[in-house]
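Working notes for the structure below.
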Amino acid sequence: MAHAVTPSPATNSGPAPVEYEQALATYEPVLGLETHIELGTASKMFCSCPTAFGSEPNTQVCPVCLALPGSLPVVNEKAVEGAIRLGLALNCSVAPWGRFARKNYFYPDMPKNYQISQYDEPICVDGHLDVTVDTPEGPREFRVEIERVHMEEDTGKTSHMGGATGRIHGADYSIVDYNRAGIPLLEIVTKPITGTGELAPQVARAYAAELRDLVRALGISDVRMEEGSMRCDVNVSINPRGADEWGTRSETKNVNSLRSIERAVRSEIERQAGVLEAGQRVVQETRHFQENTGRSISGRSKEEAQDYRYFPDPDLVPVAPSEEWVEELRATIPELPAAQRARVRAEWDLTDTELRDLVNADAIGLVEATVAEGAPASEARKLWMNELSRRATEQEVELGDLPITPAQVARVIALVEEGTLTNKLARQVVEGVLAGEGEPDEVVEARGLKVVSDDGALGAAVDEAIAGNPDIADKVRGGKVAAAGALVGAVMKATRGQADAGRARELILERLGVG
């Protein structure tokens, strides 16, 4: 059962924001991104509780993750392994020795009143991730430098009830679910990102997207932003152009979509410019992004490291990965997204637009898997990007979440190539598979969708089409062979799209003495 806590009120006000272009004419932005990734381990970071998303509240807890007296944490080896693999993929150095610390602060959803994290001795340091942003002049690459990747545990989840916005302000009461408390987290912290200019929002989004795809390729998290398994804190400061010192930063917390990351950067640049233009100073604080307005509201003043009173956790031994283990893990790193994109672009002869569409739809892996099942790349790409993408949009799900496998898509394509299906019939087979009616061949059989190509059945439909359209038949007899298309259409309609159109045309011309 969830536990209730009492909310406290807060207010927000400030100068009007400055238009984005005007802000960038006067100020230069500096970005910093802190991304939290929930690892997809079977158990939590320091105990054996399960980590399944969506379970009944407070059913996946134990004395350790509830911080009951006398309970002792034990480090999850798989989580350490995931941290090292991500660090290697981000071109980081892996520390030969590190330890966990207690980060002291109070939230109702944090049962210990401290979070076990890494402070001055993180597992991975000094890496980078290259990202590409489309501009009117063509693609432009930015290198985002990584300061650190460190391990920690997640907090529980507080839900504010009774208010209109779902936030604590205006809520009647709050409930706390501790299922998420103790789930393994990796925090990836960038170094300050400078030199982005007007492209700052797009660079932030591109970095988050590239990091998400990289983590997914490693298989260490499902990085579902809508479920909170990837969350981004967006740090922004601005300073007058040419100034030697950076401005005061704000931190917009827990932004949970790529679009919102882009919007949060843009709106914060506009807000801070408005503050400075009004002769006021920017306050270092945390802020909360509002999806409905595209703006953020003030949260609390931002603590410095010393405010957390970090000290080594006395209950946990240091983490000391050997060089041999690190090299074993390095050998497990798969082809990463940037290399994959370059390869498939060359192999499939894609244009910039075609590649971008595949990336935006998160379809490269699905198309590759379909090709591996024997389908031509062009046909696999066409089916995933047209019919299946349309259905994913209609159902408001990710393309990869549709209940159809690359093997099933490849079989549908094979049935078209064999002449068993037309493209129109193939769409009906896809519909049947998505509806749970079985494998493609079973759907074909159950729905009676095979192409009609034998002359007996087809001939009757051809005769009916000719008899029902005497004027068109006369035109064909008179030498207007193109008019036969209308008769083919009539045959297709009569056979519910199952006729072999090529053979139907041949029979029509034979019947009318043309050819």
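Below are the figures for this structure:
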item	result
Residue-level accessible surface for His288, protein heavy atoms, 1.4 Å, Å²	50
Isolated Cys in the chain, by beta carbon distance under 4.7 Å	Cys47, Cys49, Cys62, Cys65, Cys232
At least 20 Å along the helix axis (C-alpha) and Kyte average at least -1.0, DSSP helices within the chain	200-218, 258-277
Area of Thr332 that stays accessible when all protein chains are in place (1.4 Å probe, Å², to 10)	70
Ranked order, Glu368, Glu417 - accessible area, probe 1.4 Å, largest first	Glu417, Glu368
Counted charge near Val18, where neighbours are those whose Cβ lies closer than 12 Å (Asp, Glu -1; Lys, Arg +1)	-3
Length released on extending from Tyr105 to Ser93, taking residue separation times 0.36 nm less the Cα-Cα span	1.3 nm
Whole-Hz couplings from phi, Karplus 6.51/-1.76/1.60, listed for the stretch 157-165; x for Gly and Pro	10, 9, 10, 9, 10, x, x, 7, 9
Area accessible to solvent at Phe311, 1.4 Å probe radius, in Å²	90
Charge tally in the Cβ shell below 14 Å around Thr332, where Lys, Arg are +1 and Asp, Glu are -1, Thr332 excluded	-2
Cα gyration tensor, the stretch 227-315 - rounded (a/c under 1.5), prolate or oblate	oblate
Listed peptides 95-101, 46-52, 380-386, 131-137 by packing density, highest first (mean Cβ within 10 Å)	380-386, 95-101, 46-52, 131-137
Mean Cβ count within 10 Å, highest first, over the residues of peptides 249-260, 227-238	227-238, 249-260
Accessible-area ranking of Arg224, Arg271, Arg356, largest first, probe 1.4 Å	Arg356, Arg224, Arg271
Ranked packing of 179-186, 122-129, most packed first, by mean Cβ within 10 Å	179-186, 122-129
Using θ = phi - 60° and Karplus 6.51 cos²θ - 1.76 cosθ + 1.60, couplings along the stretch 34-42 (whole Hz; Gly, Pro as x)	10, 10, 9, 10, 7, 6, x, 7, 6
DSSP bridge pairs, the chain: antiparallel proportion in percent, nearest 5	95
Label point distance in nm, Asp126-Glu398, each placed 7 Å from Cα along Cα→Cβ	3.4
Within the accessible area of the stretch 356-408 (1.4 Å probe), percent carbon and sulfur	45
Glu373, Glu270, ranked by accessible area, largest first (probe 1.4 Å)	Glu373, Glu270
Anchor Lys112: aspartates and glutamates whose Cα lies under 20 Å away (excluding residues fewer than 8 positions away in-chain)	Glu38, Glu152, Glu153, Asp154, Asp177, Glu187, Glu303, Asp307, Asp313, Asp315
Separation of alpha-carbon centers, the stretch 144-192 and the stretch 345-408, rounded to whole Å	33
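The values are calculated or read from the model by the stated rules, or taken from the named source; none is laboratory data. The structure displayed is predicted, hence computed values, not measured ones. Every residue, glycine as well, gets a Cβ built from its backbone with ideal geometry; the counts of neighbours run over all protein chains shown. In case anyone asks, the SASA skips ligands and DNA or RNA and just uses the protein heavy atoms, side chains included. Shrake-Rupley method; radii C 1.70, N 1.55, O 1.52, S 1.80 Å.
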